[in-house]
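No value in this document is a laboratory result; all are computed from the given coordinates. Source: prediction; values computed, not measured. FYI the Cβ positions are ideal-geometry reconstructions off the backbone, even for glycines, and counts take in every protein chain you see.
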Amino acid sequence: MQHFINVILPIPLEKLFTYSVSKTEFEYLQIGMRVAVPFGKSKIYTALVYEIHSTPPDVYEAKEIHKILDEHPIVNQLQLQHWRWIADYYMCTIGEVFRSALPSAFLLESETLILRNERGEVAEKDLKDDEFLVFEALQHQSMLKVHEVSAIVDRKNVLPILNRLLAKNVILLKDEIYEQYKPKLVRYVKLGVAYKSEEKLEALLESLTRAPKQSQVVLSLFQLQATDKKPIKSTTLESVSGSSKAVIKALIDKGILEEYRIQIDRVNYEGTSENIDLKALNKYQNKALDNIRQNFKNKKVTLLHGVTSSGKTEVYVKLIEECINKGKQALYLLPEIALTTQLISRLQDYFGKKVSVYHSKYSVHERVEVWNNVLTRKPKAQIVIGARSAMFLPYSKLGLIIVDEEHEGSFKQFDPAPRYHARDAAIVLSNLHQSYILLGSATPSIESYHNSKTGKYGYASIERRFGDVLMPEIELVDLKEETRKRRMKGHFSERLLDEITATLENGEQVILFQNRRGFAPIVECTTCGHSPQCPNCDVSLTYHQLKKQLRCHYCGHHIALPESCEACGSQTLDTKGFGTEQVEQELKTLYPEANVGRMDLDTTRGKYGYEKIITAFEQQELDVLVGTQMLTKGLDFRNVNLVGIMNADSLLNFPDYRAHERSFQLLTQVAGRAGRTKKRGKVIIQSYNPYHQILKQVSANDYEGMFKEQLYEREQFLYPPVNRIIKIIFKHKNYNTLNEAADWFAKSLRNVFRNGVLGPEYPPVARIRNQYLKNVIIKIPMGQSLGKTKNSIKRIENSFYAISQFRSVRVIYNVDHI
Ligand code: ADP
Ligand code: ZN
Ligand code: ZN
């Protein structure tokens, strides 16, 4: 009987691939193990075993696998079901989900490296001609790539040759290819076995009298052992004895010391092992908790709607405790930018070593460790806190998922595929595990709130801030009026300046929000009106004053600030609009005494960039923090009493059906940073349009009013949550090809969906990185089957790609969140 496996390859192929395996392999393999497999002419991929069977494929002959990479499955059945759902729902392939779900260190690179096997005894006469050519090449060169081998032997398929060479011990495949992850090993030392008894030790010290350094090392080791039973690190011994690596090495070589290694995790919680007791909840929190538990009884997704600083985190903590007491795993999902040390240490204070963090800023090694800890259900991975990718970890027994800041747009992954929404995918995950799931926010998304109103989700709320602190007082300032009355200093109104002055005089801190980084978004020549554009994208370049550069925020292209206009040569360059850099600079001129910090993409690069600024602000080393939306999320500053919003208009005018909802959420969240302790905080919102409905709703803290109005608009224009939408993005470097392709596709869609199809239309930035873009939107009424709709779209896509001129056009789907 023949044996086969179907595997998932980490590439965008619709189908699973079948490989043949031997009987032994067949018996050894399990679903969820990785195998290295040849693919195409010379590629080798890491694939995941999805099915094991005995039916040969009928259209091609199954190749043999290369190597089995795991001893145990590293992915479980629940994950595979989850991936399947994501692929189907978000219209991508399961291979794309696989690639995105696993830490990259688990995935073999497609270019295999071939090395000479130094230990192999090669009998040259036994090598066939082609084998000898490769062998010879490796005498001159330490490493070859598959395509180089291919060139040497003048043959496309070189895997048989490589296999033969492997069998004859001529070559090795570079190990890193199979396992990029290297466990971190720490060196430890102990006394050699021959010297365990006291007499032997004495004799040893005697014999070392001529080597005082060595004898000191042995004595130190002896002392260390006496005080602590724990293993002794080489480095500890080195520093305690005041010796060097060379001395220790000499002792090891003599057999007096023995060296051994222990694998340790890179990420360790260094805090005390005694946990702080959970806080007792107040009556509002308790009521919310009761409601949540009630809803959980019916396994309902539940929304916790609690105003900023109402103490939602403490409610989550109670639920997490209950979950792990039942021996189950808990997952705490947050948008990337809200994953702060503040929150992490709060959880570690309560749960100590039971908390693992999974974060995109962690190295591949750290991620593999968390993966393995979850897989083997280590106590330290009972609670995982992380950004959206944390939901792909190999949980076997999830009891609770918290999706904090559930309204956040950054839960949606836009590129690359899978273009999934983490909140929605987490709901599906909770269903697979039959676990509880709680969505939390001070400003719930219209969808989630709608779902709670219709009874699909459960609902709980906390309407008061913890400690009965008042919601901040919000004041709108009319920039038109202020400008007319000449009461502006730079971008600051008199009102805002008065409040900043008073706050600083009180020794309190200020947060200023401007949703643009850089100095000014546009540089313009006042003589001819020309403004420098990015050569790769259809946008103006943003002026960054600090670096005296013009930068593109879409592709990163940058040039030195020109002295004169590129078009007419005159030196009358001026700026339009303003970003965080300019706010920071004006502030420094207005308040030379104050310490001003800035938090945006430009100042938070690097692993700890973000943390450093937050800590400095928390420690009150900074008086004012200027920032973009980065400073809205999950930050709990004790001493901030004033929040200023420099200009609310750019948010409101964004061309997107969610712009108003987003503005409400963003402004409410930023405002929520003010006055979190005793005193009532103050918020000043500057705008040219202070009578805008959304600004009124923000200042009255009127979520309900905002919701009703937005829902009404969505009903009028058939947008979610009353309708479903799919956006199709077309991308191509040739303008005409793109237009023809998008027209063809849209026309075919109209044949099926009639007037449910909008576009094609250019997005606001219609060219990015030299690729032209066009969008088509399909509106799908709630009654219409989503599965059938997607199948129709896929059929159209197949006919589309059958047309040769469209083959190089990229078609990208965004489902729900566009
Ligand atoms: P939210 O997440 O709703 O914005 P937090 O959970 O950050 O609010 O709580 C706001 C502040 O109130 C925090 O500093 C927190 O420590 C404090 N707090 C919340 N609940 C309690 C409680 N039951 N006892 C003591 N302090 C609490
Ligand atoms: Zn000019
Ligand atoms: Zn660009």
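Could you tell me whether region 601-738 comes out rounded, prolate or oblate from its Cα gyration tensor? Rule is a ≥ b ≥ c as square roots of the eigenvalues, rounded for a/c under 1.5, then prolate if a/b exceeds b/c, otherwise oblate. In terms of gyration-tensor shape, oblate. Computed from the alpha carbon atoms alone, the convex hull of region 282-432 holds 115 Å³ per residue.
A simple rule links phi to the HN-Hα coupling: the Karplus curve 6.51 cos²θ - 1.76 cosθ + 1.60 with θ = phi - 60°, which for region 813-818 gives 9, 10, 9, 6, 9, 10 Hz, with x for Gly and Pro.
Loop-located GluC sites (Glu not before Pro) in region 70-136 (DSSP state other than H, G, I, E, B) with a sparse environment of at most 13 neighbouring Cβ atoms within 10 Å: Glu71, Glu111, Glu118, Glu121. Distances between placed amide hydrogens fall under 5 Å for Glu524 paired with Asp574, Thr575, Lys576, all partners being 5 or more residues away or on another chain. Measuring nothing but alpha carbons in region 44-129 and taking Rh as the Kirkwood radius, the Rg to Rh ratio lands at 1.09. Backbone N atoms of region 39-62 closer than 19 Å to the 7 Å Cα→Cβ label point of Ile68 belong to residues 45-55.
If you take the square roots of the eigenvalues of the alpha-carbon gyration tensor of region 454-536 and sort them as a ≥ b ≥ c, do you get rounded (a/c under 1.5), prolate (a/b over b/c) or oblate? The shape class here is oblate. The protection proxy used here, the mean number of other Cβ atoms lying within 10 Å of each residue, ranks peptides 699-706, 803-810 as follows, highest first: 699-706, 803-810.
Between Glu563 and Leu470, the distance separating the two model label sites (each 7 Å from Cα on the Cα→Cβ line) works out to 5.7 nm. According to the Kirkwood relation over distinct C-alpha pairs, the hydrodynamic radius of region 767-811 is 12.6 Å. With a/c under 1.5 counting as rounded, go ahead and sort region 738-818 into rounded, prolate or oblate using the C-alpha gyration tensor (a ≥ b ≥ c being the square roots of the eigenvalues; past the cut-off, prolate if a/b is larger than b/c, else oblate). Oblate is the answer for region 738-818, as a/c is 1.5 or above yet b/c matches or exceeds a/b. Rounded to the nearest 0.05, the FRET efficiency derived from the C-beta distance between His147 and Thr376 at R0 = 35 Å is 0.35. One quarter of the surface of the convex hull around the alpha-carbon atoms of the chain equals 45.9 nm², the direction-averaged projected area.
Binning all Cα-Cα separations of region 1-85 at 10 Å, short to long from zero, yields these whole-percent fractions: 18, 55, 26, 1. Summarising the amide proton neighbourhood of Ile645: residues at separation of 5 or more, or on other chains, whose placed amide H is nearer than 5 Å comprise Phe513, Ile684, Ile685, Gln686. When peptides 378-391, 535-548 are ranked by their average number of other Cβ atoms within 10 Å per residue, the highest-first order is 378-391, 535-548. Volume per residue for region 679-789 equals 188 cubic angstrom (convex hull of Cα atoms). Here the calculated FRET efficiency for Thr209 and Lys41, from their Cβ-Cβ distance with R0 = 56 Å, stands at 0.25, rounded to the nearest 0.05. Divided by 2.2 N^0.38 Å, where N counts the residues, the Cα radius of gyration of region 681-727 comes to 1.46. Across every pair of non-identical alpha carbons in region 598-637, the mean reciprocal distance, once inverted, gives a Kirkwood radius of 10.3 Å.
Rg and Dmax, both from the Cα atoms of region 526-570 and both in Å, are 10.5, 28.
Taking only the C-alpha atoms of region 337-496, the Rg (one decimal) and the largest Cα-Cα distance, Dmax (whole number), read 20.8, 68 Å. Computed over the Cα atoms of region 509-633, the ratio of the radius of gyration to the Kirkwood radius (Rg/Rh) comes to 1.03.
Taking 0.36 nm per residue of separation and subtracting the current Cα-Cα distance, fully stretching the chain between Lys233 and Lys125 would add 33.9 nm. Highest mean packing first, where packing is the average number of other Cβ atoms within 10 Å per residue, the peptides 278-284, 550-556, 436-442 line up as 436-442, 550-556, 278-284. Cβ-Cβ distance of Glu136 and Ser22, R₀ of 41 Å, FRET efficiency by 1/(1 + (r/R0)^6): the value works out to about 0.80.
With Cα atoms defining each centre, region 498-547 and region 71-99 are spaced 43 Å apart in the structure. Taking trypsin sites (Lys or Arg not before Pro) across region 694-761, the ones in a DSSP loop with at most 14 further Cβ atoms lying within 10 angstrom of their Cβ are Lys733. In the distance distribution for region 14-163, Cα-Cα pairs more than 25 Å apart total 41 percent. Each 5 Å bin from 0 upward holds the following percent of the Cα-Cα pairs of region 719-777: 4, 19, 27, 22, 14, 9, 4, 0. Projecting label points 7 angstrom from Cα along Cα→Cβ for Leu432 and Phe717 puts them 3.5 nm apart.
Less than 5 angstrom separates the built amide H of Lys412 from those of Ala422, all sequence-distant by 5 or more or on a different chain. Estimated at 0.36 nm per residue, the fully extended path between Cys555 and Ser808 surpasses their Cα-Cα distance by 88.9 nm.
How many nm is it between the label spots at Thr677 and Leu601, if each spot is 7 Å from the Cα in line with the beta carbon? Result: 3.5 nm between the two label points. Entry note, the chain: relative contact order of 10 percent, from Cα contacts under 8 Å with a spacing of 6+ residues.
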